[in-house]
1. Rolling a 1.4 Å sphere over the protein heavy atoms, what is the accessible area per residue of the chain, to the nearest Å²?
2. To one decimal place, what orientation-averaged projected area in nm² is obtained for the convex hull of the Cα set of the chain?
3. Within the chain, which cysteines find no other Cys whose Cβ is under 4.7 angstrom from their own?
4. Just to confirm the number: angle between the C-alpha axis of helix 40-54 and the first principal axis of the chain, 0 to 90 degrees, nearest 10?
5. Carbon and sulfur: what percent of the range 13-107's accessible surface (1.4 Å probe)?
6. Pop the C-beta distance of H73 and R44 into the FRET formula with R0 = 41 Å and round what comes out to the nearest 0.05.
7. Tell me which GluC sites (Glu not before Pro) from the range 67-114 have a DSSP coil assignment and no more than 13 other beta carbons within 10 Å of their own.
8. By how many degrees, between 0 and 90 and to the nearest 10, does the Cα long axis of helix 21-36 differ from the longest principal axis of the chain?
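The values are calculated or read from the model by the stated rules, or taken from the named source; none is laboratory data. Computed from a prediction, not measured in an experiment: that's the story for all the values here. Every residue, glycine as well, gets a Cβ built from its backbone with ideal geometry; the counts of neighbours run over all protein chains shown. Surface accessibility is based on the protein's heavy atoms, side chains included, excluding ligands, DNA and RNA. Shrake-Rupley method; radii C 1.70, N 1.55, O 1.52, S 1.80 Å.
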Amino acid sequence: MSVISPARPTSQTADYGELGPHTKALLDHALEQADNTVDNAEFRILMETAASLAKLDIPRGHDIAKCACPDCHCGALFDTAAPGLRTVEDSNGYNLPLLQCARCADEHPVPDED
């Protein structure tokens, strides 16, 4: 009898728009809960869940985010430790700031706040 292991995430970025409605709902819920929890263990579990739902292969302990680009709403999902990201808005009481993906930050960066 062979054992089939669960599929391992395979990419560094994902497209939110390509996810099914059920997966989007679960991912949104995991990211929202992670952003609002004060418990680090719960945060880690929620981030790992979100990464798995998005099929992102990120190092253990890393965080993921959905691009918060105010111009194009690209929907990129990415590791928050990736190079070239730009902060759209500070965390303001949440666990993570809103980030613009590297492609959006390069093509149409949000202006720096004074």
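1. Working: 7460 Å² over 114 residues.
Using a 1.4 Å probe on heavy atoms only, each residue of the chain averages 65 Å².
2. Numbers: hull surface 34.3 nm².
Result: a mean projected hull area of 8.6 nm².
3. C72, C74
4. 80 degrees
5. On the way: 2660 of 5370 Å².
The value for the range 13-107 is 49 percent carbon and sulfur by accessible area.
6. The pair H73/R44 has a calculated efficiency of 0.90.
7. Working: sites: E89, E107, E113; in loops: E113.
Loop-located and lightly packed - E113.
8. On a 0 to 90 degree scale, this one is about 60.
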